[in-house]
Amino acid sequence: MPLPADFYYFAIPAIILAGLSKGGFAASLSMLGDPILSLSIPPLQAAAILLPILIVMDMVGIIAYRGKADWSILKKMVPAASFGIALGWLLADQLNKQVIRFCVGLTTYFCAGLCHQKAVNKTQQSVIPNAP
């Protein structure tokens, strides 16, 4: 299947955002990689393009932080992540592109809202109240 003409206009920013966020800069922007790429190609194809890049970045992170894992966090994350991966694997072939695109957009919107709320709370905590 040939790629659309505008593919690289969306792919380059998506990959740069994913790379920057994995490096620790602009961490909340990583969630925009797949939705940006999904503007040009189907969402499953976008995820398939980004996945090898993300896996290599994760392998580098594992090597860099070897022995420094916080197992209490991993114990909480692994069951939910495993469930989500299994559900995605089971449903990926069953759902049409529009439903997947909607789910990706909804997830991105939800995560952006959480990041915004976290930033607002952080700003509110840094404000020093006036003394009477």
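Couple of notes before you dig in:
- Boolean, A69 is out of contact with any strand residue (DSSP E or B) (no Cβ under 7 Å at 6 or more places or on another chain) and surrounded by 12 or more Cβ atoms within 10 Å (Cβ to Cβ): no
- Scan region 77-106 for residues that are surrounded by 10 or more Cβ atoms within 10 Å (Cβ to Cβ) and charged (D, E, K, R) and the total you get is 2.
- I36 satisfies every condition listed in (1) within 25 Å of F10 (Cβ to Cβ); (2) not in a helix (DSSP H, G or I) except (2).
- Single residue of A18, A47 found to be over 17 Å from A112 (Cα atoms) and within 13 Å of the chain's Cα centre (by Cα): A47
- Residue match in region 24-40 (condition: free of Cβ contacts under 8 Å to residues at least 12 places away in the same chain and on the phi > 0 side of the Ramachandran plot): yes
- The condition (being over 23 Å from Y109 (Cα atoms), modelled with pLDDT of 85 or more and not aliphatic (A, V, I, L, M)) is satisfied by just one residue among Y65, Y8: Y8.
- Applying a threshold of 7 Å to beta carbon distances and a minimum spacing of six or more residues, or different chains, the list of pairs starting in region 66-87 at a residue that is more than 30 Å from C103 (Cα to Cα) and ending at one that is aromatic (F, W, Y) is empty.
The values are calculated or read from the model by the stated rules, or taken from the named source; none is laboratory data. Keep in mind that this is a model prediction, so the values were computed, not measured. So basically every Cβ, Gly included, is an ideal-geometry build from the backbone, and we count neighbours across all protein chains shown.
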